[in-house]
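Okay, structure first, notes after.
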Amino acid sequence: MSKLSTPNFVIGQRWISNTEPELGLGIITENDNRRITISFPAATEQRTYSAANAPLSRVQYQVGDNVSDNDEKKYTVAGVIEQQGYLIYEALDEKGRKVDLPELELSSFVHFVSPKDRLFSGQVDKLSSYLLRQETLGYQTRQQATQGYGLMGARVQLLPHQMYIANEVAHRHAPRVLLADEVGLGKTIEAGLILHHQLLSGRAQRVLIVVPESLLHQWLVEMLRRFNLQFSILDNERCEALTESGEENPFECSQLVLCSLNFITDNDQWREHALNAQWDMLVVDEAHHLEWSPEQQSPAYSHIEALAQKAPGLLLLTATPEQLGLESHFARLRLLDPARYHDLERFREEESQYQPVNDLVKELLGESGPTRLLDSQDLQAKLADYLGQDAVDKLLAELNQFAVDADEDSREEALHRVERAVRKLLDQHGVGRVLFRNTRSAIKGFPQRILHLHPLPQPEELATLSASASLEQRLHPERLLGAEWVKTDSRVEWLAQWLKQNRQEKVLVICAHAETALDLEDFLRLRGGYRTAVFHEGLSLLERDRAGAYFADDEYGAQALICSEIGSEGRNFQFARHLVLFDLPQNPDLLEQRIGRLDRIGQRHDVNIHVPFFENSAQERLLRWHNEGINAFSRPCPAGAAIYQRFAVRLESELEQTDDRDEFNQLIADTHQFTEETLQALQQGRDPLLELNSCDPLKANDLVEQIVEDERRKELEDYIERVFSQYGVDQEQHSERAYIFRPGDHMQCSHFPGLPEDGVTATFHRDLALSRDDMQFLTWEHPIVTGALDMILCGEFGNTGLCTIKLPPLQPGALMVETIFRLNCPAPKALQLYRFLPKEPVRLLIDSSGKELGQILTAAHLQQLGENVPKRTAQDLVRHARAQIEPLITKAEKTAAAQKSELVERSIATMLESQQTEIERLKALAEVNPNIRQDEIDFLIQQTETLEKYLKGAQLTLDAVRVVIAT
């Protein structure tokens, strides 16, 4: 190994750069006493330094070290001769022959990586770097062990029902599930959470998302802004361009691909390429539009079925199953598992058999459930039929214990015991493992909707023009009034006055067309002096972010954001509580999508919906149909698509009329009756057992609380500040709780992972990130942070150190060596070996007598007492004390090696216990629930064997070493 000497520069000497060790072994080529020039042949680079403070370390090999010459011949150092500062090595070649090897002839391709090599080559890191490495190791280990790992990094509200589903599904091998939450409950977010977890954990690497054409941009934005997942959109133009550039299969140009259903269906060539590409996960949105019946199936269904058979994992997002009928429901399940769901009639029979289970659960979950169970032998017998008599006897004994003292706590505990029994029933229930469906009635936290009607007299000019106008023009009068419509349309004047009277309120205004939004915003901003922003599909992603940020700013931001229909998709503006619908869509689902921009879980205020409309117009009739026929402004309507399909022709016909006819009133009455009947049928068709299975509140709340607690500690904010300071990243306060990070002029690396050249604006606070799309949300799972962790721990950063301490029991000059060992086990990322490896590294502190003092002088003590030493002084101390240091490191290595077997055995035992528990659980469930796929069980068995094989090959490696000297 190498050794430092005093800085006496001589031409031909070999030195290594402390700041750029990757350059290899350098040669002094010029020395004019003030400046020195050093050449690095391995990197074909040259550097000139001031001789007084050159960041260089002299390399001198010791007897016994192995070296190579420029021809890569290997030698062992037998002696060292110094002639006026220049070294000649007496070396033995591989045949034992003695040769003289001048240092100029040493190989330049030398890179000291191991802590021991770096320490003795004079590369002693700053104390802050050494401590940062140890801190990084602790954070990475702890984060990977947390229950919320893979879920905490998304820019989403921590909603229990979403977190529960994501956690349940994401931990499975190649999950194949149907996400069927009611509108507004976040199916897209659940899918994104699952994808994020699977990708971060290595369970999946290549993902294909197929969505309706109108949702392409929404999915692109959601995946990028919420989950930091950069998908590539493929369409005909993009595929042709890739093919022309030499790409054989355009679907293999990216790991994450997003395309429309029409693109897959209408293009045989590209569909074939999609089928030939390898996917780990397929995601299909709006899957209920895939038509299937026992007699025939649509081309779209057939094409998705072919893709679903190729991809191990499958996520289907669909509307509430019951509203589409059992046959349509079966069609989705058939995509998930064709072997299990192959016969529709058999499926009907199975579903009917679960009604007794539903009835049993209703009885058990009532407030008097525990008491009824204790008193009713019939109820006990029914439960024993499913869970077994032993389980029921145990439950009854527990309930008797709590019933002795019928106080509130005892009653609560008794209910928990019954709920636990119900959970066992859920495992046996029909499609509960492959279908997740939450309803608004079961999820709390939605605001009230308040409708404000603003009737306006119809301008004479408009009344004249409407007589010969199309329905589209009458529903959007600005298209009739010409280029200067904002001056004559009284809706504009009303909006201006309303904004003036409500200066402190944030207002979201939505209209159908981008042209309308642009004209309206231009008028309000330039002629009315209002602070406004516009948001439409013609803007770039960055421009939309800026508009959204301007609207979100409480102090200096826009009062109103004027959105077009498409431009508002996929955005969350729930910090506002006023929604102005400048016009109305005919489709109830589209109206619900508009209202859903504000009516979301977590909205802290009532949602005020304002509708300005012209009296005695098509606008008023459409408003009445939505309001009186469907009650769409007061509640979400999951059957909106079915209602519109039923009445679309009659509605359009009545909207064409100019007088208030009996036929229109009858349409409203018929719509109201059909809506109520449909909603009642949906309510009766609800599967309470399925809804219970879709969220376990205790587990869900515990998971959310753990993530909240982790964020509450604010460790990441302080940690990233230290990391950026170490690497030379510029940090600037942007605003309260927000920062700007940019690459600095003196970066310690050529590129900081995840940090763009023009920098980022970021926050560590979830609530701020949710309202500011222009800011990145930094979490332990953000690419910048994970990149920093990997960069520090995968290289030599901070793996050597030296400090001094003052501690009375220690004699001045006493020397100790602190070593940090990691159980290293290279393996495929998907195995997630970190789950079973020791949570803490092996730390040893060896004193000069060979005693281990780590338990007495802890890492916390050293961090508090340790004092930094100037680099040159540290290098000299290591050089002079090498004879003492080397045996202590050897002693530590032997002590650590003796612990390796125990650590490996413990890791294997932990793994086997975890895996066997899950295998036995799935095997038991498979006996009562055919939805447990055999390939899941087989995978776990195979995975267990693979994990054991890798763990047996684990090695305890030296991660860092620090010399500690008492003063």
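Return only the number of the condition from (1) over 44 Å from the mean Cα position of the chain (by Cα); (2) at pLDDT 90 or above; (3) outside any helix (DSSP H, G or I) that Glu818 does not satisfy.
(1)
Mind listing whichever residues of the range 842-894 are in contact with a Ser or Thr (Cβ under 9 Å, 6 or more places away or on another chain), modelled with pLDDT of 90 or more and among the polar types (S, T, N, Q)?
Asn868, Gln884, listed by residue number.
Going through the range 865-913 one residue at a time, which ones are over 17 Å from Val817 (Cα atoms), crowded, with 17+ Cβ neighbours inside 10 Å and polar (S, T, N, Q)?
Once the filter is applied, which keeps residues that are over 17 Å from Val817 (Cα atoms), crowded, with 17+ Cβ neighbours inside 10 Å and polar (S, T, N, Q), the range 865-913 yields only Ser907.
Identify all residues within the range 551-566 that are surrounded by 22 or more Cβ atoms within 10 Å (Cβ to Cβ), touching a Leu at 6+ places or on another chain (Cβ under 9 Å) and part of a loop (DSSP other than H, G, I, E, B); write none if there are none.
Hit for the range 551-566 is Ser564, nothing else.
Please go through the range 493-547 and give me each residue that is in a loop (DSSP other than H, G, I, E, B) and either among the hydrophobic types (A, V, I, L, M, F, W, C) or touching a Lys or Arg at 6+ places or on another chain (Cβ under 7 Å) (or both), ordered by number.
Taking the range 493-547 first, the residues in a loop (DSSP other than H, G, I, E, B) are 502-506, 511-513, 528-531, 536-540.
Cys511, Ala512, Leu539 - these are the residues of the range 493-547 that are in a loop (DSSP other than H, G, I, E, B) and either among the hydrophobic types (A, V, I, L, M, F, W, C) or touching a Lys or Arg at 6+ places or on another chain (Cβ under 7 Å) (or both).
Count, please, the residues in the range 941-964 that happen to be out of contact with any strand residue (DSSP E or B) (no Cβ under 9 Å at 6 or more places or on another chain), surrounded by fewer than 21 Cβ atoms within 10 Å (Cβ to Cβ) and touching a residue at least 24 places away in the same chain (Cβ under 8 Å).
7
Under 7 Å between Cβ atoms, which residue pairs at least 6 apart in sequence (or on different chains) link something in the range 892-904 that is within 12 Å of Gly953 (Cα to Cα) with a partner that is in a helix (DSSP H, G or I)?
Val904/Leu951; Val904/Lys952
Answer yes if at least one residue in the range 266-274 is closer than 21 Å to Leu317 by Cα, in contact (Cβ under 8 Å) with a residue 40 or more places away in the chain and in contact with a helix residue (DSSP H, G or I) (Cβ under 7 Å, 6 or more places away or on another chain), and no otherwise.
Scanning the range 266-274, I find at least one residue that is closer than 21 Å to Leu317 by Cα, in contact (Cβ under 8 Å) with a residue 40 or more places away in the chain and in contact with a helix residue (DSSP H, G or I) (Cβ under 7 Å, 6 or more places away or on another chain), so the answer is yes.
Here is a yes/no grid of residues against (1) touching a residue at least 24 places away in the same chain (Cβ under 8 Å); (2) in contact with a helix residue (DSSP H, G or I) (Cβ under 9 Å, 6 or more places away or on another chain):
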residue: Arg35; (1), (2): no, no
residue: Ala54; (1), (2): yes, no
residue: Gln60; (1), (2): yes, yes
residue: Val63; (1), (2): no, no
residue: Asp69; (1), (2): yes, yes
residue: Gln84; (1), (2): yes, no
residue: Val99; (1), (2): yes, no
residue: Glu103; (1), (2): yes, no
residue: Ser121; (1), (2): yes, yes
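Taking the conditions exactly as written (among the small types (Gly, Ala, Ser), surrounded by fewer than 18 Cβ atoms within 10 Å (Cβ to Cβ) and at negative phi), does Ser293 satisfy them or not?
Working: among the small types (Gly, Ala, Ser): yes; surrounded by fewer than 18 Cβ atoms within 10 Å (Cβ to Cβ): yes; at negative phi: yes.
It is true that Ser293 is among the small types (Gly, Ala, Ser), surrounded by fewer than 18 Cβ atoms within 10 Å (Cβ to Cβ) and at negative phi.
Considering Ala898, Ala881, which residue is within 27 Å of Lys806 (Cβ to Cβ), among the small types (Gly, Ala, Ser) and in a helix (DSSP H, G or I)?
Details: Ala898 fails: within 27 Å of Lys806 (Cβ to Cβ).
Only one candidate qualifies: Ala881.
Would you mind stating whether Ser128 is at pLDDT below 90, of a type in the set (Ser, Thr, Tyr) and more than 22 Å from the chain's Cα centre (by Cα)? Walk me through how you get there before you give the answer.
Details: at pLDDT below 90: no; of a type in the set (Ser, Thr, Tyr): yes; more than 22 Å from the chain's Cα centre (by Cα): yes.
Answer is no for this residue.
All but one of (1) more than 29 Å from the chain's Cα centre (by Cα); (2) modelled with pLDDT under 85 hold for Gln593; state the number of the condition that does not hold.
Failed condition: (1).
So the check is Cβ under 7 Å with 6+ separation or different chains; which pairs have a first residue in the range 242-260 that's more than 23 Å from His217 (Cβ to Cβ) and a second one that's part of a loop (DSSP other than H, G, I, E, B)?
Glu247/Cys253; Asn249/Ala277; Glu252/Ala277
Answer yes or no: is there a residue in the range 357-370 that is more than 30 Å from Glu182 (Cα to Cα) and modelled with pLDDT of 70 or more.
Start the filter on the range 357-370 by keeping residues that are more than 30 Å from Glu182 (Cα to Cα), which leaves 370.
When the remaining residues are screened for being modelled with pLDDT of 70 or more, the result is 370.
Checking the range 357-370: at least one residue is more than 30 Å from Glu182 (Cα to Cα) and modelled with pLDDT of 70 or more.
For the range 282-301, which residues satisfy the criterion of being without any contact (Cβ under 8 Å) to a residue 60 or more places away in the chain and among the acidic types (Asp, Glu)?
Narrowing the range 282-301 to residues without any contact (Cβ under 8 Å) to a residue 60 or more places away in the chain: 288, 290-301.
Those that are without any contact (Cβ under 8 Å) to a residue 60 or more places away in the chain and among the acidic types (Asp, Glu): Glu291, Glu295.
Just the residues that are outside any helix (DSSP H, G or I) and exposed (fewer than 14 other Cβ atoms within 10 Å of the Cβ), please, taken from the range 266-285. Please lay out each step first, then the result.
Going residue by residue through the range 266-285, those that are outside any helix (DSSP H, G or I) are 267, 277-285.
Matches in the range 266-285: Gln278 only.
Given the conditions (1) out of contact with any Ser or Thr (no Cβ under 9 Å at 6 or more places or on another chain); (2) buried (at least 22 other Cβ atoms within 10 Å of the Cβ), report the number of the one that Leu258 does not fulfil.
(1)
Would you check which residues across the range 688-738 are under 23 Å from Gly787 (Cα atoms), without any contact (Cβ under 8 Å) to a residue 40 or more places away in the chain and assigned to a loop (DSSP other than H, G, I, E, B) and list them?
Within the range 688-738, Arg713, Gly728, Arg737 qualify.
The values are calculated or read from the model by the stated rules, or taken from the named source; none is laboratory data. The shown structure was predicted, so the numbers you read here are calculated from the model rather than taken from an experiment. We place every Cβ from the backbone using ideal geometry, glycine too, and count neighbours over all the protein chains shown.
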